[in-house]
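Written below as C-alpha cells is the structure these notes are about.
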C-alpha cells in the first residue's frame, strides 16, 4: 500500500510539473534555480552565467538552440561551418527502433537518441547484443520528454530520432575512458576547457584548463567533484580551440564538446544549457565571473 501511495504521489507530481512547465515555464525555471542556488533569478538584471542562460531560454530566439542541440541536425551545421572532417561516421537514423537493420551495421557502433542525455548504448561486439531488449529500450527513450524536468524548452521541440554512429575507442593512457573536452565559449570565444576522464557509472574525474592548457585551480565546487585530472594537452588543442570558435560564432554562450582519438579531433555535441542552467558543480564565483563576460544585450 505504501508503495502504491508513493507511486500515485510521484505520478501526480509529474503531472503537476509537466503542466506547470508548459503553462508557466519561467516560474518553474525559477523554482529549479532557487532550489539549486538558494535565491531567485534576477530576470531584470541577470549577472551570473546560470541566470543569463535561464534569461535566454525565454528572452532569446532559441530556434538555433533546438537545431544545434539535436545530435543529428547539428551535423549539418558542422558541415556548413566547413568542419566535416571532425564528424564521426554516421551509420543510420531511424524514427523507430523496429526499423533498424542490425545486419547492415558494423560489429562496433554507438546507438543513441538525438534529443536526450545519457540515452546511449555502446556496442563493442554486435554478436553479444540483445537486439529485442535494445529495440525496447530505444523506443522507450524516444518517448522521453527530455527538457521537461529541467525546464529546457528548446529540447522539447526536437523531433526524437535514433542514430547509429562510429564507436570511438579510447587510446589515452591517462584515462580509463574516452576523455571529454568541453570548451566553454563566451560570445563566440573559447574561454576554458572542462576535462572529464575515467568515467564510470555515476563517477568521473574532472579538471579545468585555460585555452593555453594551464590547469585552473578553484574552478570546481569540491562538494560535487574532486579536481584531479591532469592530462597532457591534446595534440589537436589549437584545432579544437579554432573549431570551437567557429561553431560558437554569434552565440552568447555555448559549450562545445570534443574527443581526440588516434591523433584525430572529433566533434561531440553543442550544449546551450549545461545542467539545465543550474550549474552547481562550478564554483559560484567562477559562474559569476563567466556570466559577467557574456553579452546578452
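Here, each number is a calculation from the coordinates, and none is a lab measurement. Remember, it's a predicted structure, so these values are computed and weren't measured experimentally. Because the Cβ atoms are built from the backbone with ideal geometry, glycine has one as well, and the counts that use them run over all protein chains shown.
Odds and ends about this structure:
- If the chain linking residue 31 and residue 296 were pulled fully straight, counting 0.36 nm for each residue of separation and taking away their Cα-Cα distance, it would gain 93.2 nm.
- Which of 181, 209 has the fewest Cβ neighbours within 10 Å, and the rest in rising order: 209, 181
- Placing R0 at 51 angstrom, the Cβ-Cβ distance between residue 2 and residue 127 gives a FRET efficiency of 0.70 after rounding to 0.05.
- Region 86-106 and region 235-297 have their alpha-carbon centroids 28 Å apart.
- Between residue 90 and residue 13, the C-beta separation translates, for a Förster distance of 45 Å, into a calculated FRET efficiency of about 0.70.
- Which labelled figure in (i) 21.1; (ii) 29.7; (iii) 20.5 is Kirkwood radius over Cα pairs in Å, once derived from the coordinates: (iii)
- Ranked 196, 185, 117, criterion: other C-beta atoms within 10 Å, fewest first: 117, 196, 185
- Extension gain from residue 39 to residue 108, taking 0.36 nm per residue of separation minus the Cα-Cα distance: 20.2 nm
- Sorted by Cβ density within 10 Å, fewest first, the residues 109, 58: 58, 109
- Alpha-carbon centroid distance for the pair region 24-83 / region 138-152, whole angstrom: 17 Å
- Each peptide in 242-249, 143-150 was scored by the mean count of other Cβ atoms within 10 Å over its residues; highest first, the order is 242-249, 143-150.
- Mean separation of Cα contacts under 8 Å, 6 or more apart, over the residue count of region 169-293: relative contact order %: 27 percent
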